[in-house]
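Below you'll find the structure, written out as structure tokens, and then a few comments.
The values are calculated or read from the model by the stated rules, or taken from the named source; none is laboratory data. Because the structure is predicted, anything quoted here is derived from the model rather than measured. When we count neighbours, we look across all protein chains shown, and the Cβ atoms used for this are built from the backbone with ideal geometry, even at glycine.
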Amino acid sequence: MDEDLASFAVERASKLGTDYVDCRLEDHYNELIIVTDGKVQRGIINRKHGIGIRTLVDGAWGFQSTTDLTKKGLNQAVKLAFKMAKASSKHVPEPVKLASTEAQKTSYKTEVKIDLENIAFEDKLKQITNWEKRLHTSKKIIRGLVEYAGLKIDKIFVNNEGANIHFSNSLTWLSLKADSKKGSTTQSCEKVIGHSGGYEIYKKNDMEKTALDVGNKAETLSNAKAAKTMKDATVILDNNYAALLVHEIIGHPSEADRVLGREAAWAGTTWWAGKTGEKIGSDYLTAYDDPTIKGTLGYYRYDDEGVKAEKKILIENGVLKGHMHSRETAAIFNVNPNAGMRAITFEYIPLIRMSNTFFGKGNWKKEELIEETKRGYLVSCMRHPSIDDKRHNWTISAQEAYEIKNGELTSHLRDIALTSTAPKFFQSINAVTKTIDILPLPGCGKGDPMQALYVGNGGPYIRGAATILGVN
Amino acid sequence: MSSIMADLKEAGKTILKIAEKKGHDEAEAYLVSNKVLTIRLVNNAVFESKGVHDIGVGLRIIRGNMLGFSSTAGLTRKSLNKLVDAVASTAKARKLPFKYSFPKPRKIPKVTGIYDRKLDELPSEKAVELAYNMIESSIAHNKKIMDNAGVLNIVSYESLVLNSHGVSAENKGTFFEASLSATAKQGKNVSEGSEATAGRNLEELKSKNMGKKAAEMAVTGLKSQKLKEDTYDVIFDYQPTQGVISYLSYMVSPMIAKLYFPLFLDKINKKVASSQLTMIDDPLMAKGVGSAPVDDEGTPSEKQIIINEGILKKFVYDSFYGTIDKKKTTGNAIRESFAVGVSSFPGKNYNGEPIPFPRNPYIKPGKWKRNEILEDTKKGLLIRRFHYTRMTNPTRGDFTSVLRMGLYTVKNGEVTCTLKKSRLLDNLLNVLKNVNAVSDKLIVAGSWGDYTHTPVIRTKAHITPID
């Protein structure tokens, strides 16, 4: 990529009189393969390059992106970005202020052992078709589905404060899903494997075995009993289910723009606005957002405002400690910016997003947690969420559960969902295991137009209380 | 012909020539220029104005029994050459077990009211003023309105399909999507209201009226009562009914049904809804939010009945899925990328292969006036907004939605009181089978980039209060 193009755009915008300007010049490579029941549904390579120009004029934001990287195209985009900020500024009562940050000049790369483009597309498709085949462990499997995605992003960030950051990122993600049927009961099991890195992750994992396990599990589930509704049951959440829970009821409400009511139109707000420093959960509740963990989908060292990434403490021992910030919200909250801004491509203005959000660990072993539970449920593997606009009331379905009686796993259960409110569940947490797993979540939605971004979520096993919604 | 369309045509012809030289049997170029202007409103102010201009091309080729697809931004000779190389590598990988060919040229119908020069050429300053009008009118409606947030998206696009069989189909359109959420406060009580719509022409954007409507809903929610958990007769107003149409659309796409929402897969010619419910797809509708003369493969649009009086009559097809299921294309190709990290703006996207999907779906209007449905309801609920609607079990149809605002008790034909936030927990098939009234008028409703023409329906659903 020609770094001079970004510098040129910054220079032109500065000459027009912008208070602040930044540019993201990006080159994207995306590949996608979807196979179901032996048939290839999608086999795609997308390439995209362009620039996003963000301006601050008279205290208001303007933004324009273009795929036309000629000087003429850049000039036009700069003018539009300036014009739009100017138009907005008439209706901005409080001019935007940015918290200061050190202008970084650096270049870094995600560690990649096997470049995505160094494995022939044809070979990938053959492998993926083979893994899909392995999902069909018996005739009870009525559908297998494998979705694979690979991304390479080359990004240059430049602003008029002197920042110049070059990031070469590579991400890959794969989902294996099997549906089984027994009589009128249809069940599904899904496993997702992904990381920031190259194709090596699928060499490291025994994918054939993983696919067989998913197929077998879907089959086993069709023999499980339907869960029955029960109020305030003791539940142990595995780290896969906890990943979706932390995403929905801690990650999203920790976005400072949401705390300020800026996402009220569609996504909503947050119930804990103004409660920073207050106790909102038991001592066992701790949560972080950390973009610096290598190998995760949420990995980066500098965000899309050029701010150096750091581990953010969101909740510590039940006390709400802080939020994820942009430079603008950091100025409003009078805190240091903590690198929360990202956009999926140069075409979008950055938003405050999760990176890797996860529950903190405790002292328990998983086995101890089960052994010391007289009556409860081990709830495993996320399925679908539905959360209210304040991230207060939540309902999340799970793939499966086991009933626990006197410290032992007994009946295998299907068709289970949990519901509670965030504060009630947070207060109920009374044990947390010592091992954390961070899982890939590739499609976190936010913004208008919507930006579906890749993040990491996870945590340990967590014991608390929630209402079980049986669906039969 | 616009200068943009001339550029698209020239690039399209170049690509077809390169593909032919490379020895591919068939090639199809889908070229797009898509402009989106977004004015985002937060905390009673204009938060940001942002623009996107995306030009690019998606290329499909057939070589023997192999099918390939790739896309690229920009129309430079260098990017087009790279594109043809990439598409060859995807084709090598994808061998089809059947014979497939791109659509042949057919006569293209005319559709009116889908392009508006005034909307296309609207200056950003004017767009900002129109968006801000929503806030002003909301605040002016009632002193209890404390906050407003919303968005105005203005989209203008031109697209072109060229293929080796001689298909040359142009498409040009404009549309807007506008929404506002208003928050009212009185003492400790806080309540929300919202309004959202879309349209093809500037004159359809009544931004002042939208602000007023959002504010009205917010203020009525200030005095609300807790709902008692039960299965109720429920009137789904326009926006919740649009949510139902949205799920129906997923389920009648053979591709989406096979991959994610299989509820209707074995239900052709079977009853899937009450006889009151007929679902139509009509991309020829004048001013239709999804209308266009051709689909995204250049196949002429046609009106079709998908569910007739509760019986599922057909799935909708593009040429590829039509070939798989031994059906003809119904002109229902849309382009959407499923790839992670790929943009998907309102308007036209060139970075996805065609997928079959209803393009301008709606539930056929019934005989009831909206008021008559209310008057005929002895004891039930009026639901005006769905929020965060999800299938918790897509294979069974279990679904849930947060009733965040606009929930009312109906007694003896009258709206009697507003209810606090609640949750719908039911099965979509049950909801469809219990439809017992459909209103006589369609309006455009929806949320978050998903808008259709829709009536009001009455059905039954299980509703529970939430804390």
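Which one of the conditions (1) touching a residue at least 24 places away in the same chain (Cβ under 8 Å); (2) closer than 16 Å to B:Tyr250 by Cβ; (3) within 14 Å of chain A (Cβ to nearest Cβ); (4) not basic (Lys, Arg) does B:Asn351 fail to meet, given that it meets all the rest?
(2)
Give the residues of the range A:75-93 that are among the charged types (D, E, K, R) and in a loop (DSSP other than H, G, I, E, B), sorted by residue number.
Start the filter on the range A:75-93 by keeping residues that are among the charged types (D, E, K, R), which leaves A:79, A:83, A:86, A:90.
Matches in the range A:75-93: A:Lys90 only.
Can you tell me how many residues within the range A:277-298 are farther than 13 Å from A:Ile250 by Cα and surrounded by fewer than 24 Cβ atoms within 10 Å (Cβ to Cβ)?
The initial filter retains those residues of the range A:277-298 that are farther than 13 Å from A:Ile250 by Cα, namely A:277-279, A:282-284, A:290-298.
Add one more test, that the residue is surrounded by fewer than 24 Cβ atoms within 10 Å (Cβ to Cβ), and what stays is A:277-279, A:282-284, A:290, A:292-295.
Going through the range A:277-298 one residue at a time, the tally reaches 11.
Kindly list the number of the only condition in (1) within 11 Å of another protein chain (Cβ to nearest Cβ); (2) at pLDDT 95 or above that fails for B:Ala29.
(1)
Being under 30 Å from A:Asp115 (Cα atoms) and at pLDDT below 95 narrows it down to one residue among A:Asn205, A:Asn240, A:Asn223; which is it? Break it down into steps so the answer makes sense when it comes.
Numbers: A:Asn240 fails: at pLDDT below 95; A:Asn223 fails: under 30 Å from A:Asp115 (Cα atoms).
That would be A:Asn205, the only listed residue that is under 30 Å from A:Asp115 (Cα atoms) and at pLDDT below 95.
Are any residues in the range A:150-208 within 12 Å of chain B (Cβ to nearest Cβ) and among the aromatic types (Phe, Trp, Tyr), and if so, which ones?
A:Trp173
Please find, within the range B:439-461, the residue that is nearest to B:Val151 (Cα to Cα) out of those that are outside any loop (DSSP other than H, G, I, E, B) and either among the basic types (Lys, Arg) or not assigned by TED's automatic domain parsing to the domain that holds B:Gln276 (or both). Full working, then the answer.
Looking only at the range B:439-461, we keep the residues that are outside any loop (DSSP other than H, G, I, E, B), and these are B:439, B:443-447, B:450-454, B:457-461.
Next, from what is left, pick out any that are either among the basic types (Lys, Arg) or not assigned by TED's automatic domain parsing to the domain that holds B:Gln276 (or both): B:458, B:460.
On the way: B:Arg458: 30, B:Lys460: 33 Å.
Among those that are outside any loop (DSSP other than H, G, I, E, B) and either among the basic types (Lys, Arg) or not assigned by TED's automatic domain parsing to the domain that holds B:Gln276 (or both), it is B:Arg458.
If B:Tyr388 satisfies every condition in (1) in contact (Cβ under 8 Å) with a residue 60 or more places away in the chain; (2) at the interface with chain A (Cβ under 8 Å from one of its Cβ atoms) but one, which is the exception?
(1)
Could you identify the single residue in B:Ile39, B:Ile15 that is of a type in the set (Val, Ile, Thr), more than 7 Å from every other protein chain (Cβ to nearest Cβ) and under 30 Å from B:Glu192 (Cα atoms)? Don't jump to the end; show me each part of the working.
On the way: B:Ile15 fails: under 30 Å from B:Glu192 (Cα atoms).
That would be B:Ile39, the only listed residue that is of a type in the set (Val, Ile, Thr), more than 7 Å from every other protein chain (Cβ to nearest Cβ) and under 30 Å from B:Glu192 (Cα atoms).
Suppose we filter the range A:63-74 for residues that are within 8 Å of another protein chain (Cβ to nearest Cβ) and either assigned to a helix (DSSP H, G or I) or small (Gly, Ala, Ser) (or both); how many remain?
Step one: of the range A:63-74, the residues within 8 Å of another protein chain (Cβ to nearest Cβ) are A:63-69.
Restricting the remaining residues to those that are either assigned to a helix (DSSP H, G or I) or small (Gly, Ala, Ser) (or both) gives A:65.
Result for the range A:63-74: 1.
Restricting attention to the range B:395-418, which residues are on the phi < 0 side of the Ramachandran plot and within 14 Å of chain A (Cβ to nearest Cβ)? Walk me through it before giving the result.
In the first step, residues of the range B:395-418 are kept if they are on the phi < 0 side of the Ramachandran plot; the result is B:395-396, B:398-405, B:407-411, B:414-418.
Listed by number, the residues that qualify are B:Thr395, B:Arg396, B:Asp398, B:Phe399, B:Thr400, B:Ser401, B:Val402, B:Leu403, B:Arg404, B:Met405, B:Leu407.
Among the residues of the range B:77-93, is there at least one that is part of a loop (DSSP other than H, G, I, E, B) and in contact (Cβ under 8 Å) with a residue 12 or more places away in the chain?
Narrowing the range B:77-93 to residues part of a loop (DSSP other than H, G, I, E, B): none.
There is no residue in the range B:77-93 that is part of a loop (DSSP other than H, G, I, E, B) and in contact (Cβ under 8 Å) with a residue 12 or more places away in the chain.
Applying the selection to the range A:75-122, what residues are out of contact with any Ser or Thr (no Cβ under 6 Å at 6 or more places or on another chain), within 8 Å of chain B (Cβ to nearest Cβ), surrounded by 14 or more Cβ atoms within 10 Å (Cβ to Cβ) and closer than 30 Å to A:Gly295 by Cβ?
A:Glu122
What single numbered condition from (1) more than 9 Å from chain B (Cβ to nearest Cβ); (2) within 23 Å of the chain's Cα centre (by Cα); (3) not basic (Lys, Arg) fails to hold for A:His28?
Every condition holds for A:His28 apart from (1).
Mind checking which residues of the range B:336-365 are crowded, with 22+ Cβ neighbours inside 10 Å and aromatic (Phe, Trp, Tyr)?
B:Tyr350, B:Phe357, B:Tyr362
Among the residues of the range B:397-430, how many are without any contact (Cβ under 8 Å) to a residue 60 or more places away in the chain and under 22 Å from B:Leu259 (Cα atoms)?
Of the residues in the range B:397-430, 3 are without any contact (Cβ under 8 Å) to a residue 60 or more places away in the chain and under 22 Å from B:Leu259 (Cα atoms).
Within the range B:9-36, restricting attention to residues that are among the charged types (D, E, K, R) and in a helix (DSSP H, G or I), which residue is farthest from the chain's Cα centre (by Cα)? Lay out the reasoning, then the answer.
So the first thing to find is which residues in the range B:9-36 are among the charged types (D, E, K, R), and the list is B:9-10, B:13, B:17, B:20-22, B:25-26, B:28, B:35.
Okay, now just the ones that are also in a helix (DSSP H, G or I), so B:9-10, B:13, B:17, B:20-21.
Working: B:Lys9: 28, B:Glu10: 31, B:Lys13: 31, B:Lys17: 35, B:Glu20: 36, B:Lys21: 39 Å.
It comes out as B:Lys21.
Search the range B:148-171 for residues that are away from every other protein chain (no Cβ under 14 Å) and within 13 Å of B:Leu16 (Cα to Cα) and pair each with any residue that is of a type in the set (Val, Ile, Thr) and assigned to a loop (DSSP other than H, G, I, E, B) when their beta-carbon atoms are under 7 Å apart and the residues are at least 6 apart or on different chains.
Hits for this filter: B:Val161/B:Val167.
Consider the range A:10-41. How many of its residues are in a strand (DSSP E or B), surrounded by fewer than 18 Cβ atoms within 10 Å (Cβ to Cβ) and modelled with pLDDT of 95 or more? Spell out how you get there, then give the answer.
Keep residues of the range A:10-41 that are in a strand (DSSP E or B), which gives A:20-36, A:39-41.
After this cut, where a residue has to be surrounded by fewer than 18 Cβ atoms within 10 Å (Cβ to Cβ) as well, the list is A:27, A:39.
Subset that is modelled with pLDDT of 95 or more: A:27.
Selection size over the range A:10-41: 1.
Take the residues of the range A:241-259 that are farther than 10 Å from A:Ile352 by Cβ and hydrophobic (A, V, I, L, M, F, W, C): which is surrounded by the fewest Cβ atoms within 10 Å (Cβ to Cβ)?
A:Leu244
Among the residues of the range B:194-237 satisfying the criterion of being among the basic types (Lys, Arg) and touching a Leu at 6+ places or on another chain (Cβ under 9 Å), which is surrounded by the most Cβ atoms within 10 Å (Cβ to Cβ)? Write out each step before concluding.
Looking only at the range B:194-237, we keep the residues that are among the basic types (Lys, Arg), and these are B:200, B:206, B:208, B:212-213, B:223, B:226, B:228.
Right, trim to touching a Leu at 6+ places or on another chain (Cβ under 9 Å) and you get B:200, B:213, B:226.
On the way: B:Arg200: 25, B:Lys213: 22, B:Lys226: 12.
Among residues in the range B:194-237 that are among the basic types (Lys, Arg) and touching a Leu at 6+ places or on another chain (Cβ under 9 Å), the one surrounded by the most Cβ atoms within 10 Å (Cβ to Cβ) is B:Arg200.
Taking the conditions exactly as written (free of Cβ contacts under 8 Å to residues at least 24 places away in the same chain, under 27 Å from B:Val84 (Cα atoms), in contact with a strand residue (DSSP E or B) (Cβ under 6 Å, 6 or more places away or on another chain) and more than 7 Å from chain B (Cβ to nearest Cβ)), does A:Gly52 satisfy them or not? Walk me through how you get there before you give the answer.
On the way: free of Cβ contacts under 8 Å to residues at least 24 places away in the same chain: no; under 27 Å from B:Val84 (Cα atoms): yes; in contact with a strand residue (DSSP E or B) (Cβ under 6 Å, 6 or more places away or on another chain): yes; more than 7 Å from chain B (Cβ to nearest Cβ): yes.
The answer is no for A:Gly52.
Suppose we filter A:Ser107, A:Ser138 for residues that are of a type outside the set (Asp, Glu) and in a loop (DSSP other than H, G, I, E, B); which single one remains? Walk me through it before giving the result.
Values: A:Ser107 fails: in a loop (DSSP other than H, G, I, E, B).
That would be A:Ser138, the only listed residue that is of a type outside the set (Asp, Glu) and in a loop (DSSP other than H, G, I, E, B).
Which residue is surrounded by the fewest Cβ atoms within 10 Å (Cβ to Cβ), if the candidates are limited to the range B:238-294 and must be in a helix (DSSP H, G or I) and of a type in the set (Val, Ile, Thr)?
Initial filter on the range B:238-294 (in a helix (DSSP H, G or I)): B:238-251, B:254-259, B:262-264.
Now restrict to residues that are of a type in the set (Val, Ile, Thr): B:241, B:244-245, B:256.
Numbers: B:Thr241: 27, B:Val244: 24, B:Ile245: 21, B:Ile256: 18.
Per the stated criteria, the residue is B:Ile256.
Need the failing condition index for A:Gly340 against (1) within 14 Å of chain B (Cβ to nearest Cβ); (2) surrounded by 24 or more Cβ atoms within 10 Å (Cβ to Cβ), just the number.
All conditions are met except number (1).
Out of curiosity, is A:Asn317 more than 20 Å from A:Glu111 (Cβ to Cβ), free of Cβ contacts under 8 Å to residues at least 40 places away in the same chain and more than 21 Å from the chain's Cα centre (by Cα)?
On the way: more than 20 Å from A:Glu111 (Cβ to Cβ): yes; free of Cβ contacts under 8 Å to residues at least 40 places away in the same chain: yes; more than 21 Å from the chain's Cα centre (by Cα): yes.
Taking the combined requirement at face value, the residue satisfies it.
Check A:Leu469, A:Leu439 and return the single one that is in contact with a strand residue (DSSP E or B) (Cβ under 6 Å, 6 or more places away or on another chain), among the hydrophobic types (A, V, I, L, M, F, W, C), in a strand (DSSP E or B) and within 11 Å of chain B (Cβ to nearest Cβ). Break it down into steps so the answer makes sense when it comes.
Working: A:Leu439 fails: within 11 Å of chain B (Cβ to nearest Cβ).
Criteria check complete, one pass: A:Leu469.
Report, by residue number, each residue of the range B:57-77 that is at positive phi and within 7 Å of chain A (Cβ to nearest Cβ). First the steps, then the outcome.
Residues of the range B:57-77 at positive phi: B:64, B:74.
Within the range B:57-77, just B:Gly74 meets the criteria.
For residues that are surrounded by fewer than 22 Cβ atoms within 10 Å (Cβ to Cβ), closer than 18 Å to A:Ala242 by Cα and either within 14 Å of chain B (Cβ to nearest Cβ) or of a type in the set (Gly, Ala, Ser) (or both), tally how many sit in the range A:393-431.
Final tally of qualifying residues: 6.
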